[in-house]
Amino acid sequence: MKIIIVGCGKVGTSIATELDSEGHQLRLVDTNKYAVRRLSDSIDAMGIEGNGATYETLAEAEVSSADLVIAATARDEVNLYTCLMAKNSGAKNTIARVRNPEYTNDLFRVKDALGLSMSINPELTAAIEISRLLRYSGALEIDSFSKGAADLIKVCVPETSPIAGKAVSKIDIQKGKVRICTVERGRDVFIPNGDFVIQAGDKVSVAAKPDIATKFFKKANISTGRCRDIVILGGGRISYYLAQKMLKGGASVKIIEKNQGRCEELADSLHDATIINGDCMDQDLLLSEGIEHAEGVVALMDYDEENILASMYIKSVSKAKVITKVNNASFSSIVEKLDLEHVINPKSIAGEYIARYIRAMQNSMGSNVETLYRLSEDRVEALEFRAKSTTRVAAIPLAQLNLKDDLQIICIGRRGKIILPTGTDCIMPDDRVVVVTKHKGLSDLDDILSRR
């Protein structure tokens, strides 16, 4: 697809990097020539210096033939106007980055008038991802397929688990309602068959409906209870959205924020939350607020260094699930070496959300990948395909398909129902088929077949 990205800051960079890896033709626009040059050189895309909200600059980027324009500058108003101008200049689709909660709530009223295909709020999407992690306190990662009907949940197998030391075929998988999809053991990643033996310390990804997954983990002695007592460090936008979601789910939420004015704003809008005016880096304050008894702690302060240090301290005094916000992608190699439980990068999440939306757009343009998650540090991909009437795998029992090695069909969505398939099940046209594989670059359901 031909895509124009207006805004080459952190969010624009994340989006551009994600889309470039999938082979899209990109045009990058920003008023800052150094930002344009840095990003265009790093991904080998065309860069244009100029105001992307003006027709002149958009025309230089060939907006009339663009499949999509993404407005990702730091200002909501500029992004919305850019999309309006782009749509009226011939762009087929537009996406705007909108951060202000008031604008986000009102967008449905003007979406059609603006010609807006989608809006992305990095802070809100980050809050959604964090809330999902807090839903399963013992989960390391959670991804959803078939519009949330099935979850892919990564957990660590404790020594006390009855599945440790058992072959996959011998594990109680709730009458076929649970699928063990991947196993991480040290630096190795496996897509297990029935003979594969699970060991204590393995990181196992399990596919199931959310309620079935909870029952499986309970029988497997893997703690995944919902976090009910949450402490949020920092009172920014992500904190606001996250507190809203957790309060709605019945959790107790405490926010610690240094700025008194911001505390007053949060107290006015989050009536059921406890707002504490204080320094999140003050260990005595954290202890006095019961940090050691919290079930979940989320570090969402402005500075990555403070989030990392606070998270490491909390892990030393508490058994809480700790989630750490790190915005600077250049820290990733350092962060990987630290003993941090969960790291969230809002900018990267925004890029991934937009990439998923674009895959859904492409479904009507030739490709049939609807959802893609990169797992196990990019060594495994989980893809959701929509089966077309022309697919070669249709109506054939799965046991008879000559599938590629290191590939597993983990679930089939059919008319709102989820099937965890056995060898006798068949894929039918219009099914949503979820595949886990170590092969990269699959773009069609038929790509799951071996060429041997």
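The values are calculated or read from the model by the stated rules, or taken from the named source; none is laboratory data. Please read these numbers as outputs of a predicted model, since none were measured by experiment. In this analysis, Cβ positions are derived from the backbone assuming ideal geometry, glycine residues included, and neighbour counts consider all displayed protein chains.
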Report task. Give the residues of the range 7-38 that are within 24 Å of Lys87 (Cβ to Cβ) and touching a Cys at 6+ places or on another chain (Cβ under 9 Å), sorted by residue number. Result -> Ala16, Leu28, Val29, Asp30, Val36
Query raised in the report: Is it fair to say Ala294 is assigned by TED's automatic domain parsing to the domain that holds Asn259, within 18 Å of Ile255 (Cβ to Cβ), surrounded by 16 or more Cβ atoms within 10 Å (Cβ to Cβ) and at pLDDT 95 or above?
Result: no
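Out of everything in the range 313-357 that is of a type outside the set (D, E, K, R) and part of a loop (DSSP other than H, G, I, E, B), what residue ends up being nearest to the chain's Cα centre (by Cα)?
Within the range 313-357, the subset of a type outside the set (D, E, K, R) is 313-314, 316-318, 320, 322-324, 326-335, 338, 340, 342-346, 348-351, 353-355, 357.
Subset that is part of a loop (DSSP other than H, G, I, E, B): 318, 320, 326-328, 338, 340, 345.
On the way: Ser318: 26, Ala320: 22, Val326: 15, Asn327: 15, Asn328: 17, Leu338: 21, Leu340: 18, Asn345: 10 Å.
Checked the range 313-357; the qualifying residue nearest to the chain's Cα centre (by Cα) is Asn345.
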Query raised in the report: Take the residues of the range 109-124 that are aliphatic (A, V, I, L, M) and touching a helix residue (DSSP H, G or I) at 6+ places or on another chain (Cβ under 6 Å): which is modelled with the lowest pLDDT?
Result: Leu114
Query - Enumeration of residues in the range 328-349 that are surrounded by fewer than 16 Cβ atoms within 10 Å (Cβ to Cβ) and closer than 27 Å to Ala72 by Cα - result: Asn328, Ala329, Ser330, Ser332, Ser333
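Considering only helices (runs of 4 or more DSSP H) fully contained in the range 169-281, which possess at least 3 residues that are under 30 Å from Leu407 (Cβ atoms)?
Numbers: elements: 210-219, 237-248, 260-269.
Fully inside the range 169-281 and qualifying: 210-219.
What do you reckon, is Ile153 among the β-branched types (Val, Ile, Thr), buried (at least 22 other Cβ atoms within 10 Å of the Cβ), in a strand (DSSP E or B) and at pLDDT below 90?
Working: among the β-branched types (Val, Ile, Thr): yes; buried (at least 22 other Cβ atoms within 10 Å of the Cβ): yes; in a strand (DSSP E or B): yes; at pLDDT below 90: yes.
Considered against the rule, which asks whether it is among the β-branched types (Val, Ile, Thr), buried (at least 22 other Cβ atoms within 10 Å of the Cβ), in a strand (DSSP E or B) and at pLDDT below 90, Ile153 comes out as yes.
Quick check on this structure: which one of Tyr81, Tyr103, Tyr136 is among the aromatic types (Phe, Trp, Tyr) and either under 20 Å from the mean Cα position of the chain (by Cα) or crowded, with 21+ Cβ neighbours inside 10 Å (or both)? Show your work before the answer.
Working: Tyr81 fails: either under 20 Å from the mean Cα position of the chain (by Cα) or crowded, with 21+ Cβ neighbours inside 10 Å (or both); Tyr103 fails: either under 20 Å from the mean Cα position of the chain (by Cα) or crowded, with 21+ Cβ neighbours inside 10 Å (or both).
Among Tyr81, Tyr103, Tyr136, only Tyr136 is among the aromatic types (Phe, Trp, Tyr) and either under 20 Å from the mean Cα position of the chain (by Cα) or crowded, with 21+ Cβ neighbours inside 10 Å (or both).
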Query raised in the report: Which of the residues spanning the range 420-440 are buried (at least 18 other Cβ atoms within 10 Å of the Cβ) and more than 21 Å from the chain's Cα centre (by Cα)?
Result: Leu420, Pro421, Ile427, Asp431
Query - Ala74, sole failed condition from (1) closer than 19 Å to Arg356 by Cβ; (2) part of a loop (DSSP other than H, G, I, E, B); (3) under 22 Å from the mean Cα position of the chain (by Cα) - result: (1)
Query raised in the report: Which one of these does Ala164 not meet: (1) in contact with a strand residue (DSSP E or B) (Cβ under 8 Å, 6 or more places away or on another chain); (2) surrounded by 17 or more Cβ atoms within 10 Å (Cβ to Cβ); (3) modelled with pLDDT under 95; (4) in a loop (DSSP other than H, G, I, E, B)?
Result: (1)
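Return yes or no: is Ile191 in contact with an Asp or Glu (Cβ under 8 Å, 6 or more places away or on another chain) and modelled with pLDDT of 90 or more?
On the way: in contact with an Asp or Glu (Cβ under 8 Å, 6 or more places away or on another chain): yes; modelled with pLDDT of 90 or more: yes.
Here the answer is yes, as Ile191 does meet what is asked.
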Report task. Considering only the range 374-411, state which residues are touching a helix residue (DSSP H, G or I) at 6+ places or on another chain (Cβ under 7 Å) and assigned to a loop (DSSP other than H, G, I, E, B). Result -> Ala387, Thr391, Arg392, Val393, Lys404
